[in-house]
Each structure stands twice: as structure tokens, then as C-alpha cells.
Amino acid sequence: MARIISLSDLTDLVGKQTGLSEWVTVDQTMIDLFADATHDHQFIHVDPERAEAETPFGGTIAHGFLSLSLLSAMNYECVPQVREKRMGINYGFNKVRFMTPVKSGARVRGRFILTNRRYRGASMVMLTHAVTVEIENERKPALTAEWLTIIEFDPKDHPERQPEAAG
């Protein structure tokens with residue numbers, strides 16, 4: 001798990017890389033399980049022989065949403081956790097772009113840059129991260145995205161809140 005920081009530390013992290021995960025192997029078993037969970041059994045994901053014969057990928061590729069879903073675990077592994085957090089909420093994405101297919105057997109990792117933090121009311125802070133899922137030995141990433149998360153905390157745990165907190 002990543003290091004522990006305080007709410008007040010977030011200000012100094014804006015504009016900086018906050019995490020780089022370990023490499024994760026995206027193998028055919030992972031792809032097949034994701035296909036089962038999402039009911040997306042398109043042959044480019046689950047039929048290695050056909051994908052090799054009929055696609056330019058040379059075999060099966062991971063679902064784009066599989067690559068995107070790995071961000072949660074990658075985030076937990078390497079992005080600093082906020083000590084005062086009572087709960088974290090995935091608020092969504094402003095922008096996601098799938099750049100390069102992840103071939104079965106490839107290794108990927110997540111890179112996280114905190115681009116903004118904004119208080120919402122007395123007990124929440126919204127974080128915006130520029131995230132990239134990199135593919136080992138590939139020039140272009142699997143995906144880029146702008147990810148929004150919310151940290152809920154007890155207001156008494158952050159008495160030094162800045163004036164912007166009212167908005």
C-alpha cells in the first residue's frame with residue numbers, strides 16, 4: 001500500500017506525479033474472466049486462434065474497459081492515501097482515450113499525476129488525476145484519462161481548511 005499523507009499535504013502535490021504502480025500482467029485468463037463478467041465475448045478478446053488469423057494484433061487483446069478497471073488497484077497500490085479519509089468515491093472520468101491495444105500477456109502499469117484538488121462543502125475534497133496506463137515496451141500508452149475521485153472526511157479532522165472550502 002502507498003504511503004499515508006494528511007489532507008493538508010494535497011495542496012503541495014497538485015501538478016506532481018503522485019504514483020507509479022508496479023507492472024501487472026494482463027493474461028488470457030484475466031481477459032476471459034473480464035469477458036464473462038461483462039458479457040463481452042467478441043472474438044478479438046477470447047479466441048486466440050481467430051484473433052491471430054483475422055486481426056492485425058497477432059492474437060487477442062484486452063478489453064479497453066479492463067485496462068481502465070485496473071486503475072483502482074493501481075491507485076490503491078501507489079497513490080498516497082489520505083489519513084483523514086472516511087470513504088473514497090469514484091466520481092467518474094472527464095475524458096478517456098484508448099490509445100493502444102493491450103495484447104494478451106502484456107504488462108501494464110499506472111501513472112498518476114494530481115492535477116487538481118477542490119473542496120466540496122465541509123466534508124469532501126474532489127481530486128482530479130491525469131492517469132496513464134502504460135504498456136511495457138510500447139511507445140504509446142494503452143489509455144489516458146482524467147479521473148475524478150472524492151474523499152469524504154470528518155470536518156473536525158481538517159480545521160485548517162482554506163477559504164475556498166465554502167464552494
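The values are calculated or read from the model by the stated rules, or taken from the named source; none is laboratory data. What you are looking at is a predicted structure, and each value in this text was computed from that prediction instead of being measured. When we count neighbours, we look across all protein chains shown, and the Cβ atoms used for this are built from the backbone with ideal geometry, even at glycine.
Only one entry in A142, A122 is in contact with a helix residue (DSSP H, G or I) (Cβ under 7 Å, 6 or more places away or on another chain), surrounded by fewer than 17 Cβ atoms within 10 Å (Cβ to Cβ) and in contact (Cβ under 8 Å) with a residue 12 or more places away in the chain, namely A122.
Mind listing just one residue for me: the one in segment 103-119 that is closer than 23 Å to I151 by Cα and of a type in the set (A, V, I, L, M, F, W, C) and, of those, surrounded by the most Cβ atoms within 10 Å (Cβ to Cβ)? Among residues in segment 103-119 that are closer than 23 Å to I151 by Cα and of a type in the set (A, V, I, L, M, F, W, C), the one surrounded by the most Cβ atoms within 10 Å (Cβ to Cβ) is F112.
Could you tell me which residue of segment 11-48 is surrounded by the fewest Cβ atoms within 10 Å (Cβ to Cβ), considering only residues that are among the hydrophobic types (A, V, I, L, M, F, W, C) and closer than 23 Å to N137 by Cα? Result: W23. Can you tell me which residue is nearest to S72 (Cα to Cα) among those in segment 89-146 that are in contact with a Ser or Thr (Cβ under 6 Å, 6 or more places away or on another chain) and among the small types (G, A, S)? Among those residues, the one meeting the criterion is G110.
Take F43 and tell me if it is closer than 18 Å to R107 by Cα and either out of contact with any Gly (no Cβ under 9 Å at 6 or more places or on another chain) or of a type outside the set (A, V, I, L, M) (or both). Judged against the criteria, F43 is not a match. One residue stands out in segment 94-105 among those that are in contact with a helix residue (DSSP H, G or I) (Cβ under 8 Å, 6 or more places away or on another chain) and among the hydrophobic types (A, V, I, L, M, F, W, C): the one that is nearest to L7 (Cα to Cα), namely V96.
Take R86 and tell me if it is assigned to a strand (DSSP E or B), in contact (Cβ under 8 Å) with a residue 40 or more places away in the chain, surrounded by 15 or more Cβ atoms within 10 Å (Cβ to Cβ) and in contact with a strand residue (DSSP E or B) (Cβ under 8 Å, 6 or more places away or on another chain). Taking the combined requirement at face value, the residue does not satisfy it. The condition of being modelled with pLDDT of 95 or more and small (G, A, S) holds for only one of S104, S123, that being S104. Determine if segment 64-76 includes at least one residue that is farther than 25 Å from A2 by Cβ, modelled with pLDDT of 95 or more and assigned to a helix (DSSP H, G or I). Scanning segment 64-76 turns up at least one residue that is farther than 25 Å from A2 by Cβ, modelled with pLDDT of 95 or more and assigned to a helix (DSSP H, G or I).
Of all the criteria given as (1) loosely packed, with under 14 Cβ neighbours inside 10 Å; (2) within 17 Å of the chain's Cα centre (by Cα), the one not satisfied by M74 is (1).
If the requirement is being more than 17 Å from T25 (Cβ to Cβ), crowded, with 17+ Cβ neighbours inside 10 Å and not polar (S, T, N, Q), which of these qualifies: F93, F98? Talk me through it step by step, then tell me what you get.
Numbers: F93 fails: crowded, with 17+ Cβ neighbours inside 10 Å.
The match here is F98.
Within segment 49-67, the residues that satisfy the criterion of being touching a residue at least 40 places away in the same chain (Cβ under 8 Å) and surrounded by fewer than 16 Cβ atoms within 10 Å (Cβ to Cβ) are F57, G58.
Residue-by-condition table, conditions (1) at pLDDT 95 or above; (2) part of a helix (DSSP H, G or I); (3) not basic (K, R):
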residue	(1), (2), (3)
R97	yes, no, no
I113	yes, no, yes
N137	yes, no, yes
P159	no, no, yes
